Amino acid sequence: MSSSIARTAGRVTGRPSGGASSAPAGARILRSSTRRGESAALAALRLAALLSVAITVGIVVSLLIPALDFFREVPLGEFLTGTRWTPRFADASYGVLPLVTATAWATLIALAVAVPFGIGAAIYLSEYAPTRVRTTLKPILELLAGVPTVVFGYFALLWVTPLLRDTLGITLKPFNLLSAGLVMGAMIIPTVASISEDAMSAVPGELRQGSAALGANRMQTSLRVVVPAAFSGIVAAIVLGISRAVGETMIVTIAGGQQAQMVRSPGQGGATMTAFIANAALGDSRVGSLEYNTLYAVGLLLFALTLVVNLVAIQLVRRFRQEY
(Lines give C-alpha, C1' and ligand atoms only; values in the text may rest on other atoms or scores of the structure.)
Protein backbone atom coordinates (compact mmCIF):
# COMPACT_ATOMS: atom_id res chain seq x y z
CA MET A 1 0.00 0.00 0.00
CA SER A 2 2.81 2.37 0.81
CA SER A 3 4.43 1.69 -2.59
CA SER A 4 1.16 2.49 -4.40
CA ILE A 5 0.87 5.74 -2.43
CA ALA A 6 4.43 6.62 -3.44
CA ARG A 7 3.68 5.91 -7.12
CA THR A 8 0.52 8.02 -6.92
CA ALA A 9 2.47 10.90 -5.29
CA GLY A 10 5.10 10.62 -7.98
CA ARG A 11 2.48 11.01 -10.70
CA VAL A 12 0.91 14.02 -8.96
CA THR A 13 4.14 15.90 -8.16
CA GLY A 14 6.11 14.90 -11.21
CA ARG A 15 8.87 13.29 -9.10
CA PRO A 16 10.18 9.76 -9.70
CA SER A 17 8.52 7.08 -7.61
CA GLY A 18 10.04 4.21 -5.70
CA GLY A 19 11.72 6.45 -3.08
CA ALA A 20 14.34 7.86 -5.51
CA SER A 21 15.04 11.52 -4.69
CA SER A 22 15.15 14.07 -7.46
CA ALA A 23 18.25 16.12 -8.30
CA PRO A 24 18.81 19.29 -6.25
CA ALA A 25 17.43 22.55 -7.61
CA GLY A 26 20.94 24.01 -7.95
CA ALA A 27 21.99 21.08 -10.15
CA ARG A 28 18.97 21.63 -12.42
CA ILE A 29 19.90 25.30 -12.71
CA LEU A 30 23.50 24.47 -13.60
CA ARG A 31 22.37 21.99 -16.25
CA SER A 32 19.98 24.50 -17.80
CA SER A 33 21.07 26.40 -20.84
CA THR A 34 22.51 29.87 -20.33
CA ARG A 35 20.33 32.85 -21.13
CA ARG A 36 20.71 34.59 -24.42
CA GLY A 37 23.48 37.16 -24.27
CA GLU A 38 24.86 35.97 -20.92
CA SER A 39 27.99 34.50 -22.50
CA ALA A 40 28.54 37.68 -24.50
CA ALA A 41 28.16 39.83 -21.38
CA LEU A 42 30.61 37.64 -19.47
CA ALA A 43 33.12 37.86 -22.32
CA ALA A 44 32.73 41.65 -22.41
CA LEU A 45 33.37 41.90 -18.66
CA ARG A 46 36.48 39.75 -18.96
CA LEU A 47 37.69 41.86 -21.86
CA ALA A 48 37.17 45.04 -19.82
CA ALA A 49 39.16 43.60 -16.91
CA LEU A 50 41.99 42.48 -19.19
CA LEU A 51 41.97 45.83 -20.97
CA SER A 52 42.43 47.74 -17.71
CA VAL A 53 45.36 45.50 -16.79
CA ALA A 54 46.88 45.88 -20.26
CA ILE A 55 46.58 49.68 -20.11
CA THR A 56 48.31 49.74 -16.73
CA VAL A 57 51.12 47.54 -18.00
CA GLY A 58 51.44 49.73 -21.09
CA ILE A 59 51.74 52.87 -18.96
CA VAL A 60 54.45 51.28 -16.82
CA VAL A 61 56.41 50.08 -19.85
CA SER A 62 56.13 53.44 -21.64
CA LEU A 63 57.51 55.17 -18.53
CA LEU A 64 60.10 52.57 -17.67
CA ILE A 65 62.02 52.29 -20.95
CA PRO A 66 62.96 56.02 -21.33
CA ALA A 67 63.49 56.27 -17.56
CA LEU A 68 66.03 53.44 -17.68
CA ASP A 69 67.86 55.32 -20.45
CA PHE A 70 67.90 58.35 -18.16
CA PHE A 71 69.28 56.40 -15.20
CA ARG A 72 72.08 54.98 -17.35
CA GLU A 73 73.50 58.50 -17.50
CA VAL A 74 72.32 59.92 -14.16
CA PRO A 75 72.87 57.91 -10.95
CA LEU A 76 69.71 57.06 -9.04
CA GLY A 77 71.18 58.44 -5.79
CA GLU A 78 71.91 61.80 -7.39
CA PHE A 79 68.39 61.92 -8.81
CA LEU A 80 66.65 61.16 -5.51
CA THR A 81 68.87 63.18 -3.13
CA GLY A 82 70.06 66.13 -5.23
CA THR A 83 68.78 69.58 -4.27
CA ARG A 84 69.30 71.30 -7.61
CA TRP A 85 67.10 70.66 -10.65
CA THR A 86 68.46 72.36 -13.78
CA PRO A 87 68.21 69.84 -16.63
CA ARG A 88 68.34 72.52 -19.34
CA PHE A 89 71.24 74.58 -18.00
CA ALA A 90 74.78 74.34 -19.30
CA ASP A 91 75.89 72.94 -15.93
CA ALA A 92 72.94 70.56 -15.75
CA SER A 93 71.92 69.04 -12.43
CA TYR A 94 69.30 66.36 -11.91
CA GLY A 95 68.35 66.41 -8.23
CA VAL A 96 64.58 65.98 -8.07
CA LEU A 97 64.08 67.07 -4.45
CA PRO A 98 62.99 70.64 -5.41
CA LEU A 99 60.11 69.18 -7.41
CA VAL A 100 59.25 66.75 -4.61
CA THR A 101 59.18 69.43 -1.91
CA ALA A 102 56.91 71.67 -3.99
CA THR A 103 54.58 68.74 -4.68
CA ALA A 104 54.52 67.83 -0.99
CA TRP A 105 53.66 71.38 0.11
CA ALA A 106 50.86 71.74 -2.42
CA THR A 107 49.44 68.31 -1.55
CA LEU A 108 49.55 68.87 2.22
CA ILE A 109 47.83 72.25 1.95
CA ALA A 110 45.17 70.78 -0.30
CA LEU A 111 44.51 67.89 2.08
CA ALA A 112 44.35 70.28 5.05
CA VAL A 113 41.43 71.94 3.27
CA ALA A 114 39.76 68.97 1.56
CA VAL A 115 39.79 66.34 4.32
CA PRO A 116 38.07 68.25 7.20
CA PHE A 117 35.64 70.11 4.96
CA GLY A 118 34.92 67.06 2.83
CA ILE A 119 34.30 64.72 5.76
CA GLY A 120 32.30 67.42 7.56
CA ALA A 121 30.10 67.87 4.50
CA ALA A 122 29.70 64.09 4.27
CA ILE A 123 28.63 63.86 7.93
CA TYR A 124 26.07 66.61 7.45
CA LEU A 125 24.63 65.11 4.27
CA SER A 126 24.52 61.59 5.71
CA GLU A 127 23.41 62.21 9.30
CA TYR A 128 21.79 65.64 9.58
CA ALA A 129 20.40 66.85 6.27
CA PRO A 130 16.76 66.07 5.44
CA THR A 131 16.18 64.00 2.34
CA ARG A 132 15.11 66.97 0.24
CA VAL A 133 18.16 68.99 1.29
CA ARG A 134 20.48 66.04 0.62
CA THR A 135 19.11 65.42 -2.85
CA THR A 136 19.59 69.12 -3.63
CA LEU A 137 22.98 69.81 -2.08
CA LYS A 138 24.85 66.69 -3.17
CA PRO A 139 24.46 67.29 -6.94
CA ILE A 140 25.43 70.94 -6.45
CA LEU A 141 28.52 69.86 -4.49
CA GLU A 142 29.47 67.32 -7.14
CA LEU A 143 29.01 69.96 -9.83
CA LEU A 144 32.07 71.73 -8.39
CA ALA A 145 34.17 68.75 -9.52
CA GLY A 146 33.22 69.48 -13.12
CA VAL A 147 34.79 72.94 -13.21
CA PRO A 148 37.91 72.91 -15.46
CA THR A 149 41.10 73.06 -13.44
CA VAL A 150 42.44 75.92 -15.56
CA VAL A 151 39.60 78.04 -14.15
CA PHE A 152 40.71 77.11 -10.63
CA GLY A 153 44.27 78.06 -11.54
CA TYR A 154 43.37 81.56 -12.70
CA PHE A 155 41.05 81.97 -9.71
CA ALA A 156 43.98 81.19 -7.39
CA LEU A 157 46.28 83.58 -9.23
CA LEU A 158 43.93 86.53 -9.71
CA TRP A 159 41.69 86.32 -6.62
CA VAL A 160 43.11 84.18 -3.84
CA THR A 161 46.68 85.49 -3.93
CA PRO A 162 45.62 89.20 -3.81
CA LEU A 163 43.13 88.35 -1.05
CA LEU A 164 45.78 86.65 1.10
CA ARG A 165 48.46 89.24 0.40
CA ASP A 166 46.58 92.54 0.35
CA THR A 167 43.57 91.88 2.59
CA LEU A 168 44.99 89.45 5.15
CA GLY A 169 48.55 90.80 5.05
CA ILE A 170 50.24 87.43 4.46
CA THR A 171 53.68 87.69 2.88
CA LEU A 172 53.47 85.85 -0.43
CA LYS A 173 55.24 85.70 -3.74
CA PRO A 174 53.09 86.49 -6.80
CA PHE A 175 53.32 82.78 -7.63
CA ASN A 176 53.06 80.70 -4.46
CA LEU A 177 52.05 77.25 -3.32
CA LEU A 178 49.72 78.47 -0.56
CA SER A 179 47.14 79.88 -2.96
CA ALA A 180 47.54 76.94 -5.31
CA GLY A 181 47.12 74.45 -2.45
CA LEU A 182 44.05 76.19 -1.00
CA VAL A 183 42.24 76.26 -4.32
CA MET A 184 43.32 72.71 -5.09
CA GLY A 185 41.83 71.65 -1.75
CA ALA A 186 38.55 73.33 -2.67
CA MET A 187 38.60 71.42 -5.94
CA ILE A 188 39.07 68.09 -4.11
CA ILE A 189 36.30 68.67 -1.51
CA PRO A 190 33.51 67.24 -3.74
CA THR A 191 35.49 64.04 -4.32
CA VAL A 192 36.16 63.45 -0.63
CA ALA A 193 32.64 64.45 0.42
CA SER A 194 30.80 62.37 -2.17
CA ILE A 195 32.68 59.11 -1.58
CA SER A 196 32.66 59.55 2.21
CA GLU A 197 28.93 60.27 2.20
CA ASP A 198 28.27 57.11 0.18
CA ALA A 199 30.29 55.09 2.70
CA MET A 200 28.45 56.60 5.67
CA SER A 201 25.04 56.08 4.08
CA ALA A 202 25.91 52.40 3.66
CA VAL A 203 26.34 51.95 7.43
CA PRO A 204 23.37 49.92 8.73
CA GLY A 205 20.71 51.93 10.52
CA GLU A 206 20.69 49.39 13.35
CA LEU A 207 24.03 50.78 14.53
CA ARG A 208 22.56 54.26 14.81
CA GLN A 209 19.50 52.95 16.61
CA GLY A 210 21.65 50.97 19.04
CA SER A 211 23.78 54.02 19.76
CA ALA A 212 20.68 56.14 20.36
CA ALA A 213 19.27 53.44 22.66
CA LEU A 214 22.43 53.70 24.77
CA GLY A 215 21.86 57.43 25.23
CA ALA A 216 24.26 58.86 22.62
CA ASN A 217 23.23 62.02 20.84
CA ARG A 218 23.48 62.48 17.09
CA MET A 219 26.96 63.99 17.15
CA GLN A 220 28.34 61.20 19.32
CA THR A 221 26.71 58.62 17.06
CA SER A 222 28.15 60.25 13.97
CA LEU A 223 31.71 60.53 15.27
CA ARG A 224 31.97 57.35 17.36
CA VAL A 225 29.78 54.92 15.44
CA VAL A 226 29.19 55.97 11.84
CA VAL A 227 32.64 57.34 11.01
CA PRO A 228 34.54 54.30 12.41
CA ALA A 229 32.12 51.96 10.63
CA ALA A 230 32.68 53.79 7.32
CA PHE A 231 36.43 54.10 7.85
CA SER A 232 37.41 52.04 4.81
CA GLY A 233 35.30 54.20 2.50
CA ILE A 234 36.63 57.40 4.06
CA VAL A 235 40.21 56.19 3.57
CA ALA A 236 39.41 55.44 -0.07
CA ALA A 237 38.06 58.98 -0.47
CA ILE A 238 41.18 60.50 1.09
CA VAL A 239 43.49 58.37 -1.08
CA LEU A 240 41.62 59.47 -4.18
CA GLY A 241 41.98 63.05 -2.99
CA ILE A 242 45.73 62.57 -2.51
CA SER A 243 46.03 61.10 -6.00
CA ARG A 244 44.17 64.07 -7.48
CA ALA A 245 46.32 66.54 -5.54
CA VAL A 246 49.60 64.88 -6.51
CA GLY A 247 48.56 64.60 -10.13
CA GLU A 248 47.01 68.05 -10.51
CA THR A 249 48.73 70.08 -13.23
CA MET A 250 47.02 73.30 -14.28
CA ILE A 251 46.46 74.88 -10.87
CA VAL A 252 50.08 74.50 -9.75
CA THR A 253 51.38 75.44 -13.19
CA ILE A 254 49.40 78.69 -13.31
CA ALA A 255 49.45 79.77 -9.65
CA GLY A 256 52.29 77.82 -8.03
CA GLY A 257 55.22 78.98 -10.12
CA GLN A 258 57.62 77.37 -12.57
CA GLN A 259 60.98 77.81 -10.85
CA ALA A 260 62.41 74.56 -9.52
CA GLN A 261 63.75 75.34 -6.06
CA MET A 262 63.72 73.87 -2.58
CA VAL A 263 60.48 75.06 -1.00
CA ARG A 264 60.70 75.73 2.74
CA SER A 265 57.46 77.67 3.26
CA PRO A 266 54.11 77.72 1.47
CA GLY A 267 54.52 81.40 0.66
CA GLN A 268 57.24 80.52 -1.82
CA GLY A 269 56.68 79.53 -5.41
CA GLY A 270 58.01 76.32 -6.83
CA ALA A 271 57.57 73.92 -9.69
CA THR A 272 55.86 70.65 -8.80
CA MET A 273 56.53 67.42 -10.65
CA THR A 274 53.42 67.81 -12.78
CA ALA A 275 54.19 71.47 -13.48
CA PHE A 276 57.67 70.53 -14.71
CA ILE A 277 56.23 67.84 -16.98
CA ALA A 278 53.68 70.29 -18.40
CA ASN A 279 56.32 72.94 -19.06
CA ALA A 280 58.98 70.60 -20.39
CA ALA A 281 56.72 68.59 -22.68
CA LEU A 282 56.39 71.42 -25.21
CA GLY A 283 58.47 69.90 -28.00
CA ASP A 284 61.66 71.83 -27.25
CA SER A 285 63.67 68.72 -26.32
CA ARG A 286 64.90 66.24 -28.90
CA VAL A 287 63.29 62.82 -28.57
CA GLY A 288 65.71 60.38 -27.00
CA SER A 289 67.92 63.06 -25.46
CA LEU A 290 68.73 63.24 -21.78
CA GLU A 291 66.54 66.33 -21.36
CA TYR A 292 63.65 64.50 -22.97
CA ASN A 293 64.09 61.44 -20.77
CA THR A 294 63.84 63.57 -17.63
CA LEU A 295 60.10 63.76 -18.32
CA TYR A 296 59.80 59.99 -17.99
CA ALA A 297 62.06 59.81 -14.94
CA VAL A 298 59.89 62.36 -13.11
CA GLY A 299 56.73 60.65 -14.36
CA LEU A 300 57.97 57.28 -13.10
CA LEU A 301 58.72 58.80 -9.68
CA LEU A 302 55.24 60.32 -9.60
CA PHE A 303 53.74 56.95 -10.48
CA ALA A 304 55.79 55.23 -7.77
CA LEU A 305 54.75 57.73 -5.09
CA THR A 306 51.08 57.32 -5.99
CA LEU A 307 51.48 53.54 -5.93
CA VAL A 308 53.03 53.64 -2.45
CA VAL A 309 50.17 55.80 -1.16
CA ASN A 310 47.62 53.36 -2.57
CA LEU A 311 49.41 50.33 -1.09
CA VAL A 312 49.50 51.94 2.35
CA ALA A 313 45.81 52.79 2.05
CA ILE A 314 44.97 49.20 1.08
CA GLN A 315 46.72 47.92 4.19
CA LEU A 316 44.82 50.41 6.37
CA VAL A 317 41.52 49.42 4.82
CA ARG A 318 42.20 45.72 5.31
CA ARG A 319 43.15 46.27 8.91
CA PHE A 320 40.22 48.43 9.95
CA ARG A 321 37.48 47.24 7.58
CA GLN A 322 34.24 46.29 9.31
CA GLU A 323 31.60 44.14 7.64
CA TYR A 324 27.94 44.01 8.63
When you scan segment 241-253, do you find a residue that is modelled with pLDDT of 90 or more, buried (at least 21 other Cβ atoms within 10 Å of the Cβ) and touching a Leu at 6+ places or on another chain (Cβ under 6 Å), even just one?
no
Would a scan of segment 41-63 turn up a residue that is out of contact with any Gly (no Cβ under 9 Å at 6 or more places or on another chain), in a helix (DSSP H, G or I), crowded, with 20+ Cβ neighbours inside 10 Å and at pLDDT 90 or above?
no
Quick check on this structure: which one of VAL183, VAL160 is in contact (Cβ under 8 Å) with a residue 24 or more places away in the chain, crowded, with 22+ Cβ neighbours inside 10 Å and assigned to a helix (DSSP H, G or I)?
VAL183
What do you reckon, is GLY288 surrounded by fewer than 16 Cβ atoms within 10 Å (Cβ to Cβ), in the same structural domain as LEU108 (by TED's automatic domain parsing) and part of a loop (DSSP other than H, G, I, E, B)?
yes
Do we find that PRO87 is closer than 25 Å to GLN268 by Cβ and either among the acidic types (Asp, Glu) or outside the structural domain of GLY181 (by TED's automatic domain parsing) (or both) in this structure?
yes
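The values are calculated or read from the model by the stated rules, or taken from the named source; none is laboratory data. The structure presented is a predicted model; accordingly, all values stated were derived computationally and were not measured. Cβ sites come from the backbone with ideal geometry, for glycine too, and all protein chains shown count toward neighbours.
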